[in-house]
Amino acid sequence: MQHYRIALLPGDGIGHDVIAEGVETLQLLAELHGGFQLELEAFDWSCTYYLKHNRMMPADALKTLEEFDAIYLGAVGFPTVRDHVSLWGMLLPIRQAFDLYVNQRPIRLLPGIEGPLRGRGTQDINFICIRENTEGEYAGVGGRLRQGEPDEVALQTSVYTRRATERIIRYAFDLARREGRRKVTSATKSNAQQYGMVLWDEIHAAVATDYTDIATEKWHVDALAARFVTHPQTFDVVVGSNLFGDILTDLGGALQGSLGLPPSANFHPDPATRRGPALFEPVHGSAPDIAGKGIANPIAAIWSAQLMLDYLGERAAAIALMRAIETVTGQGQVRTPDLGGQATTNQIGNAIRGTLRDQLKRS
């Protein structure tokens with residue numbers, strides 16, 4: 001029997017609400033499946049922790065996390081802590097320290113969900129965004145001079161290395177080939193960013209020559225954002241830099257009908273060179289205005305748990321969980337307020353778990 005250690009980081013706001021549903025779902029799957037066990041350990045690292053200790057997590061946090069197989073994160077961020085403090089105090093250090101260079105976010109309109117695009121159904125919105133996750137615009141290179149003075153200067157430098165750019169673009173092509181997808185679309189802005197994005201374009205063109213069975217194209221990111229809305233059916237795999245991927249996937253979440261739906265996975269795909277655990281989290285933020293009210297949509301968190309199971313190699317359990325999510329959304333009977341319903345966070349979780357029980361008993 002396989003045994004996995006999972007670090008739970010509920011974080012802030014609705015992170016606690018949705019991770020609780022994800023954990024209960026994972027525990028049920030382990031019980032029903034019978035082929036794996038989960039050892040879950042929770043940590044209180046968050047903005048609340050920061051307000052007590054002046055840091056988002058302990059000094060030895062990364063060393064602690066090294067021992068786990070995966071990290072399951074709810075959300076970080078709270079109005080009393082500046083956003084760059086919470087992001088750079090926790091999430092970005094984890095991604096960079098463990099070289100989790102792939103951020104993978106499926107953009108799918110689930111069965112039964114009516115997205116905002118008129119006349120577009122599940123067959124039209126079904127692609128995967130691959131975001132470079134360790135450098136680019138989030139490299140953290142820069143500084144501020146003469147703070148508070150009239151001639152203050154702030155410099156924020158994007159960093160594009162050949163190694164990181166090539167590996168993320170190559171991963172996108174490998175994913176397309178592995179999943180039988182036909183095209184890789186590159187997000188660029190090389191007309192304005194004449195150094196970093198020109199390098200990106202050149203590497204994209206070079207890597208594409210190794211995948212003649214996969215069609216490819218590049219779009220300036222502004223035009224690409226518009227095309228997400230006008231022609232979503234034309235995409236299979238989209239690859240972009242850290243910032244471009246971040247912005248485009250929030251737009252993708254809107255196409256899915258709610259930011260309460262899209263999941264994400266942060267990982268290093270090569271077992272031989274991994275430095276530590278992968279990280280799985282919903283795309284949405286901490287939404288402190290609805291925290292604890294029991295109305296947050298837990299599907300993004302539960303779907304993120306599904307991605308985690310797939311990453312860990314528990315393919316059958318991952319397939320069963322995805323099928324249960326799709327069944328619940330397809331029936332349209334239990335929906336949280338973000339989807340026009342009145343169901344609670346727990347009612348959605350219970351519906352998915354009840355469907356899991358029924359489906360696995362029949363199989």
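What to note about this one:
- Looking across segment 203-214, the residues that are touching a Ser or Thr at 6+ places or on another chain (Cβ under 9 Å) and free of Cβ contacts under 8 Å to residues at least 40 places away in the same chain come down to His204, Ala205, Ala208.
- In segment 260-272, of all residues being touching a residue at least 60 places away in the same chain (Cβ under 8 Å) and either over 23 Å from Asp124 (Cβ atoms) or among the aromatic types (Phe, Trp, Tyr) (or both), the one that is surrounded by the fewest Cβ atoms within 10 Å (Cβ to Cβ) corresponds to Pro269.
- Residue among Leu321, Leu279, Leu307, Leu360 that alone is over 16 Å from Leu110 (Cα atoms) and assigned to a helix (DSSP H, G or I): Leu360
- In the set (1) aliphatic (A, V, I, L, M); (2) farther than 21 Å from Arg5 by Cα; (3) surrounded by fewer than 22 Cβ atoms within 10 Å (Cβ to Cβ), the condition left unmet by Ala61 is number (2).
- Among the residues of segment 108-132, the one identified as among the acidic types (Asp, Glu) and modelled with pLDDT under 95 is Glu114.
- Boolean, Ala343 is surrounded by fewer than 22 Cβ atoms within 10 Å (Cβ to Cβ), of a type in the set (A, V, I, L, M, F, W, C) and not in a helix (DSSP H, G or I): yes
- Criterion applied to Gly285, Gly257 was being farther than 25 Å from Arg5 by Cβ, touching a residue at least 12 places away in the same chain (Cβ under 8 Å), touching a strand residue (DSSP E or B) at 6+ places or on another chain (Cβ under 8 Å) and in a loop (DSSP other than H, G, I, E, B), and the one residue passing it is Gly285.
- When Thr249, Thr327 are checked against the criterion of being farther than 30 Å from Glu135 by Cα and either of a type in the set (Ser, Thr, Tyr) or within 12 Å of the chain's Cα centre (by Cα) (or both), Thr327 stands alone in meeting it.
- Segment 190-202, subset in a helix (DSSP H, G or I) and either without any contact (Cβ under 8 Å) to a residue 24 or more places away in the chain or among the polar types (S, T, N, Q) (or both), residue farthest from Thr157 (Cα to Cα): Glu202
The values are calculated or read from the model by the stated rules, or taken from the named source; none is laboratory data. The model shown is predicted, which means the values in this text are computed figures rather than measured ones. All Cβ positions, even for glycine, are placed from backbone atoms using ideal geometry, and neighbour counts span all protein chains on display.
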